[in-house]
Each structure stands twice: as C-alpha cells, then as structure tokens.
Amino acid sequence: MSKKKLNILFAASEVVPYAKTGGLADVAGALPKAIKELGHNIIVVMPRYYQIDTADLTKLQEPLGVPMGVMGEFWAAVYTTTLPNSKVPIYFIDYEEYFGRSKLYEDEWGESFKDNDNRFIFFSKAALQLSKMLNFAPDIVHANDWHTATMPLLMRTRFFHDFAHTKSVLTIHNLQHQGHFFKGAIDVLEVGWDYFNAHDLESHDGVNFLKGGISRADAVTTVSKKYAREIQTHEFGFGLEHHMQSHAHKIYGILNGVDYDEWNPSVDKHIAKKYDIDDMSGKVECKRDIQKHFGLELRDDVAMIGFVGRFVEQKGIAMIASILNSILDFDVQIVVLGTGEKWAEDFFSTTSYYRPNFAVHVGYSDALAHKIEAASDMFLMPSLFEPCGLNQIYSLRYATLPIVRATGGLDDTIHNYDEFHESGNGFKFYEASNDALYHTIKWALDVYYNSNESFVSMQKRAMSERFGWDSAALEYVDIYKNILGK
C-alpha cells in the first residue's frame, strides 16, 4: 500500500486562480499540485462560473448526463485545462442555469441563492459522473465543505455500484457554513428517506449537507490542529459539536500550507522593491509606496498596521471598529483592504475622510493585498474564530508581525513575543474583547518604538519560518492510505 500510486478525485466549489471567496480556493489551487508532486494521480473538478473565460480551455466532445432524481436528467458541458504551473488536470462543469451568475453563492444583495441545494447536488453528482465518463477510477474522493459534502453519502447510496471500493475524505474549511436546506432535497439527492435521521442528514426538520457528509466520510479533516479540537466544543461547533464529538475518532487537523511562489517578498512582482531576510531595506520602499498610494504622510519611521480580509463578524471587525479611533490617536498608520458588511464599509470609508493616518480600499485587489503585506510592520487578525488563516502565514514571510487572537490556526502558527527569552513571532491575545485587542496593539506598538532591536529580531525569526504545502500533502496522503488500509 505504501508505494501504491493513488488515484484521487478532488472536488471543490472554488479554486484559485479561477474563482475565490475564501481560503477553500487557496487550498484547492495548491494542495492538488503538492499531492501530484508526491507521485499520485489527481484530478480537480469545479463549476464553470461565468467569470471563468473558456477561451483558454478545451471543451470535451461528450456531454455529461447528471441524474437529478425527481427533477430528471440534466446535461452539462465539460471544459478542461491544467492548474497553472502544474500537470494537474482540472475539469469545469458548465451548466448555465446553475453557474451562469455574477456571484458564486449569493445575489447582489448578499442573499444566498434559493436553489443552492440543487446547484451543489448537481455539481457533486456531476463530479462523480465525470469520473465515470473519464474512466478515472478513484481510490479517494476528496470533498470540501458543504458544497460537496453529499459526495461521501452519494458514494454509499446512489453511486454505490461505481464507487464501492472508493474511500472518501471531507475537509471542513469553515464549520459555520453547513448547507441547511428544505428536506425535499432528499428526492433530488436520491439517497433514500432512510437517511433523513438525526445521525445523517436531518436537522431541525430540514437537511444539513455537511452533517450528512461528516457521518459518511471515511475521514474528516480540518485546516489546523487547534480547529479540529475547537469544532467539538459549544463555542465553535455551530450546533454540530455533539455530532463532531461522536465522529472524533476520524477527525484530523492538518495545517494549510501557503504557496511561496506567490507569497514571497524576494520574488513578489506586485511590490515596490523585493527584499529578504539578509537585506530587509526594500520593506521601507514598500511602505513609501503604500503611503503614496493612499496619500498618507511619507514617513519611514512610523509604525504601519495592515488588515486584509472580509468585513464580517468572524474576522473581529466589530472589535476593530470599536477601538479604531483610540488606536489612531497613537503614532501609527493603519491601512485596510476588504469588503463585506455595509455598516463596516461605510464606517471605514467615513473614518478615512477625517483621520489622516487611516486609509481604506473597499473591494479586493490581489496586487494591493501583496503591497499591504510588504509595507506593514504589523498585521491585524483579531478573529472570533479562524479555522486556519493564511494571511498571518503570509505576514510572517513578509516580516510583518501578526497581531492575532489565539484561536484555530492563528494559535497554531503564532507564538507570543517573550522579551525575557527573546522568542516569538507575533502578538497574541485570548479573550475576544475590545480591551484585549486594544492592549495587544498598544503592546506591539510599544515594542516597535521602544525595543526596536527585539522587534527586528522577531521579524527575522518570522521570515525564516516555512509552512509549505509539501508537509501538508504528506499528511493528507497518509490519511488516504490509512483509510484505504482499513
């Protein structure tokens, strides 16, 4: 078993660089490449949203039939290419009625599409049908989040004859989003009403896709070791904590890696001047570049704090807003990039008008995200919960010391500054409160201004750390082999 080359079908609703709303896309764009480099056969499947141009894709000649239970059989087109800088095939399921929309999961007003259940039942079945059409017999089907969480259940029911010897892995990137729908979805799933029970799909007289997937997957993974423990508690379980506890024997935490070809100041094409651990002088030029971009005062010596992320409750955005004006009274510049809840967009925009040391870009720009990482001295991530987090890991590589709440992957990756032992790579607080955040930022600024030698030493420690996908891929493959051996 140990030397066997595995066949893996990897299904995800979003994949970098084609479509992204969160960390799932980063994982789906990087992990399959790392698994391929270990010598295994892996194919990736995702929807062909209409933001994805087909000009550079190859269309398969054969249409794909997808059984949709009481709704009948639907037919989709399939496009293919390879993930950038790899030999990993990626297939796009093209069905205009479900995926020909301006956004992935919700409309322009932020309301979830009312047919998301059918959209992702269709996608999950299409991924399995595609595997059959390609004569690709997977040893492992790797599903991700609620969008594809029905695949382990489908493999044991509607598609049993085709996947009887295939094992399934379900990765939870964020337990908050579970896929709650009307129970009639069972007649589209075609899994049988026997599975409408408290152990499998049933939840508050509806169905919960993620719950059903957790029950029937051979292994469940989350994106950090701390989060694997947290989701079994009331605070972080979002109503599924008892369900998670009953499946604890098959839950594993594997910390996400990052793509250092993309996030690395020594090769970053987006930043004003490249730099690395041996010569960090370029970081000052990056700070000047951001100051010019936002019209901030041109100062090399001022402490700059960056934030890149969604303006949502999970990210601690209300805590930031509550203490922002108090923090801006210090000698500091704060730059923010993101989009989300309208009150937060309006608040940050208004604040930028009357506080000359605060700047915001409402929206998302990959280039600007890189520039903020490189320019900032510290990076703010006061999340209420954070399954893994990637920005704090990017920040370490850019010598931008993270200020984080000790939760999930943030707690796994950031070690608190210890002035007595000259150790640590950032600043952590534990209680999700305005006071805790305020005093931690104040502490970080104090170290920056009054213990600069220690601050620079910490930057160098941060830059030397690596969280690559190679080690994470090995852990996933170990799990694949473990469940295949059972």
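A short reminder: the numbers here are calculations on the coordinates, not readings from a lab. Note that the structure is predicted; figures quoted are calculated from it, not measured. Virtual Cβ from ideal backbone geometry, glycine too; neighbours counted across all protein chains shown.
Annotations for the structure displayed:
- What the phi angles of segment 124-136 give under the Karplus curve with 6.51, -1.76 and 1.60, with θ = phi - 60°, is a coupling list of 5, 5, 4, 4, 5, 4, 4, 4, 5, 5, 7, 6, 9 Hz, glycine and proline written as x.
- Cut-off 11 Å (backbone N to label point 7 Å along Cα→Cβ of residue 160), residues of segment 192-217: 192
- Cut-off under 5 Å, modelled amide H: who pairs with residue 426 long-range: 415, 417
- Loop-located chymotrypsin sites (Phe, Trp or Tyr not before Pro) across segment 448-480 with a Cβ neighbour count of 11 or fewer within 10 Å are lacking, with loop assigned by DSSP.
- Those lysines that a straight Cα-Cα span of less than 18 Å connects to residue 20, excepting residues fewer than 8 apart in one chain: 33, 103, 315
- Multiplying the residue separation of residue 450 and residue 247 by 0.36 nm and subtracting their alpha-carbon distance yields 68.1 nm.
- Per-pair calculated FRET efficiency, R0 = 30 Å: residue 419 and residue 322 via Cβ, rounded to 0.05: 0.60
- The convex hull drawn around the Cα atoms of segment 156-202, when projected onto a plane and averaged over every direction, covers 4.2 nm².
- The distance between label points at residue 59 and residue 225 comes to 5.0 nm (points 7 Å beyond Cα on the Cα→Cβ vector).
- Tail fraction, Cα-Cα pairs, segment 125-199, threshold 13 Å, whole percent: 69
- For segment 282-464: rounded, prolate or oblate by the Cα gyration tensor [a/c cutoff 1.5]: rounded
- Label sites at residue 346 and residue 261, each approximated as a point 7 angstrom past Cα along Cα to Cβ, lie 4.4 nm apart.
- The trypsin sites (Lys or Arg not before Pro) of segment 1-100 meeting both criteria, a DSSP state outside H, G, I, E and B (loop) and at most 15 other C-beta atoms within 10 angstrom of the site's C-beta, are 3, 4, 5, 87.
- Net charge over other residues, Cβ less than 10 angstrom from the Cβ of residue 330 (K, R count +1; D, E count -1): -2
- Magnitude of the charge dipole for the chain, about its Cα centre and with charges confined to Cβ atoms of Lys, Arg (+1) and Asp, Glu (-1), is about 1240 debye.
- Semi-axes of the equivalent ellipsoid of the chain are 40, 23, 22 Å, computed as sqrt(5λ) over the eigenvalues of the C-alpha gyration tensor in descending order.
- Backbone HN-Hα couplings from phi across segment 162-174 [Karplus 6.51/-1.76/1.60, Hz, Gly and Pro as x]: 8, 10, 4, 9, 8, 9, 10, 10, 10, 9, 9, 8, 7
- Loop-located GluC sites (Glu not before Pro) in segment 391-432 (DSSP state not H, G, I, E or B) with no more than 11 neighbouring Cβ atoms inside 10 Å: 419, 431.
- Taking amide H as placed 1.01 Å from N in the peptide plane, residue 467 has its amide H under 5 Å from the amide H of 258, each at least 5 places away in sequence or on another chain.
- A Cβ-based charge dipole, computed about the Cα centre of segment 282-464 with Lys and Arg at +1 and Asp and Glu at -1, lands at about 420 debye.
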